[in-house]
Amino acid sequence: MKTTERRDALGNKLIFSGILEDSTFKVPFVSHRITYPLIRNSVYKFYSAYVHEFDDKSVLLIITEHTKIEPKNIEDYKEFIWVPKIESIKRPVHYIGLQGVITTVHGNSGLVKRCNNCKSILYDSCPNRCNDGWGWDLRVSSRLYDGTGSIKMVLTKDISSRVLQKNLGELILLATQTKLPTLSNGNQFQTSLCTIRIPDSIEVIEAVTENLSSSYRRSGRLIVTDGRNLAFLPTNEEHNFTNFSNRQLYASEIEDRKIIKRLIEKALEISIKKITGNKLMHGIFLLEDPIPLYGCERARLYIGFSVRVNLKEKNEAVVEFTPQAYVRESVFDYVNLRRERGASANAIARNLMTYRNRVIVAPTGNYGSIAEVIMRKAGTQRISDTDTRSLVEFWKEIYDIDISPDEIPLLKTKMVNSENAFTYPPSMCFFVGGDSLVIPAGVQGFIESKKSTLKAKMDEVTSKAIKDLKIGELCLGSESEITEKDNDIQTRLLQEIRQKLFGRNVSARGSVMYVHDELWFFPSQIQLS
Ligand SMILES: [Zn+2]
């Protein structure tokens, strides 16, 4: 609440301004009804006030001298306070607090070059062709997910430097030096690269499938889909599709390139798993079985590496392998621990639906939120009305992962950025971030020493996997070599940002604004937990 004086043609005039909110949103207001002073933290009903919508879709409530204001006698005004959830944000709003997990750190985070004129980020030259030169800037572009929805979150220079504990000046100095100092913590987190040549065209089988429920998918088989109703597989792969034909995938066609990329990713997955005998979990290829960490509840250490395939302009794919180490606690272990301490089924279910509803699911590492806790055992749960397999059979056939038929409770999980919900066994859902997880120093030391051996192991596995990389009869990687990535400061910084922020729980305060026809969240304060 503020009182300000404005001037119009008749001289000075008082108005009130401030913020009004109810349980669904909050808006700034101005009141011309100065005969009716509004009191902070009180509830009113307004008749015939009007709303002004600006070009950026933000709104202002205007209380005129004719507006009728009725005070409401409310014992507890808290029910009129908006608790912001991402799903409910449909237009710009200032000074709100959001809690969520960072599900993506975009590749254009870190040190960027910005056009001096239009402030666009530039790569080779300004997208708006300004030709006015550029300056360095530091920013983090990410996605924040709170269980109801997700929003693009951008940390601007000041807040990025606080989070990263680096200042822009130092970074610029490093960026302009030709030779970089070696990293103090060794090079265990360096990415390895491999370039694969792709032929102009690849012959595959294209099959039509009405039912994408994955009944055709089997662990270890090279079949990918277009996400709609087409499946693609090598010409020598066994199958039982009835409606199929051979066709060429062209490296020059955009849609075909997407399929080629998926085929390479899937083929790599098969080839890596064959070598390690380990699984894909949290989106990383494990290099050994998960290690229980004594002294931190039931959390386990997952070590392995992630794979990223980038198709380049010419007939080339660049594959990046990056060592990763995560500490994660599964919902199953959590439920058992709570149970041993005497918690009731209802208390556990309530907790899983509220404070602990954000999870990451195996094996993909995708994020979701628990929508329903189903008190039924995995062995008695069917996949769907049309697919009569049990959850246990499904996980064995599709992912080659053993689920105990006695696992309970099952978790219906709604996936991030999607309307789809799937039912998961609790051992395949993990809490994100370090929510309640305190890692003692001794354990931290153990994790660090484990990490330091990662890179060598990863390189050994990946160089074999690349040599074995095949789509049908076509050998893709026979001439490829794994190379060390000569990391420049930008790449290192991006890696550091990913390590620091990806998968972390944050609570942030800031404003939501329209940028490029999309709502972005700009925090002015942020706290990682
Ligand atoms: Zn420009």
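This table checks each residue for (1) assigned by TED's automatic domain parsing to the domain that holds Leu476; (2) surrounded by 18 or more Cβ atoms within 10 Å (Cβ to Cβ); (3) of a type in the set (D, E, K, R).
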residue	(1), (2), (3)
Lys279	yes, yes, yes
His282	yes, yes, no
Ile291	yes, no, no
Ala299	yes, yes, no
Val318	yes, no, no
Leu337	no, no, no
Asn346	no, no, no
Tyr355	no, no, no
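Return the residues of region 375-412 that are acidic (Asp, Glu) and at negative phi; say none if nothing qualifies. Before you say what the answer is, go through the steps one by one.
The first filter runs over region 375-412 and keeps only residues acidic (Asp, Glu), leaving 385, 387, 393, 397, 400, 402, 406-407.
Selection gives Asp385, Asp387, Glu393, Glu397, Asp402, Asp406, Glu407.
Across region 506-529, what is the number of residues that are touching a Lys or Arg at 6+ places or on another chain (Cβ under 8 Å) and either within 20 Å of Val318 (Cα to Cα) or of a type outside the set (A, V, I, L, M) (or both)?
Looking only at that region, the number is 8.
How many residues does region 13-61 contain that are more than 33 Å from the chain's Cα centre (by Cα), assigned to a strand (DSSP E or B) and under 17 Å from Glu79 (Cβ atoms)?
Of the residues in region 13-61, 3 are more than 33 Å from the chain's Cα centre (by Cα), assigned to a strand (DSSP E or B) and under 17 Å from Glu79 (Cβ atoms).
Please count how many residues of region 116-155 are within 7 Å of the ligand (Cβ to nearest atom) and crowded, with 20+ Cβ neighbours inside 10 Å.
1
For region 62-86, which positions are in a helix (DSSP H, G or I) and free of Cβ contacts under 8 Å to residues at least 12 places away in the same chain? Spell out how you get there, then give the answer.
Quick first cut of region 62-86, residues in a helix (DSSP H, G or I) only: 77-80, 86.
Result: Lys78, single match.
When you scan region 303-407 for helices (runs of 4 or more DSSP H) that lie fully inside it, which ones turn up with 3 or more residues that are among the charged types (D, E, K, R)?
Hits in region 303-407: 331-340, 391-399.
Restricting attention to region 220-278, report how many residues are part of a loop (DSSP other than H, G, I, E, B), under 25 Å from Asp200 (Cβ atoms) and of a type in the set (S, T, N, Q).
The qualifying residues number 3.
Quick test for you: out of Thr364, Thr388, pick the one residue that is touching a His at 6+ places or on another chain (Cβ under 9 Å), surrounded by fewer than 17 Cβ atoms within 10 Å (Cβ to Cβ) and at pLDDT below 90. Write out each step before concluding.
Details: Thr388 fails: touching a His at 6+ places or on another chain (Cβ under 9 Å).
Unique residue meeting the criteria: Thr364.
From the list Ser88, Ser109, Ser58, which one is assigned by TED's automatic domain parsing to the domain that holds Ser42, away from the ligand (no atom under 16 Å from the Cβ) and either among the hydroxyl-bearing types (Ser, Thr, Tyr) or within 18 Å of His516 (Cβ to Cβ) (or both)?
On the way: Ser88 fails: assigned by TED's automatic domain parsing to the domain that holds Ser42; Ser109 fails: assigned by TED's automatic domain parsing to the domain that holds Ser42.
The match here is Ser58.
The values are calculated or read from the model by the stated rules, or taken from the named source; none is laboratory data. Since we're looking at a predicted model, the values are computed, not measured. As a convention, Cβ positions derive from the backbone with ideal geometry for all residues, glycine included, and neighbour counts pool all protein chains shown.
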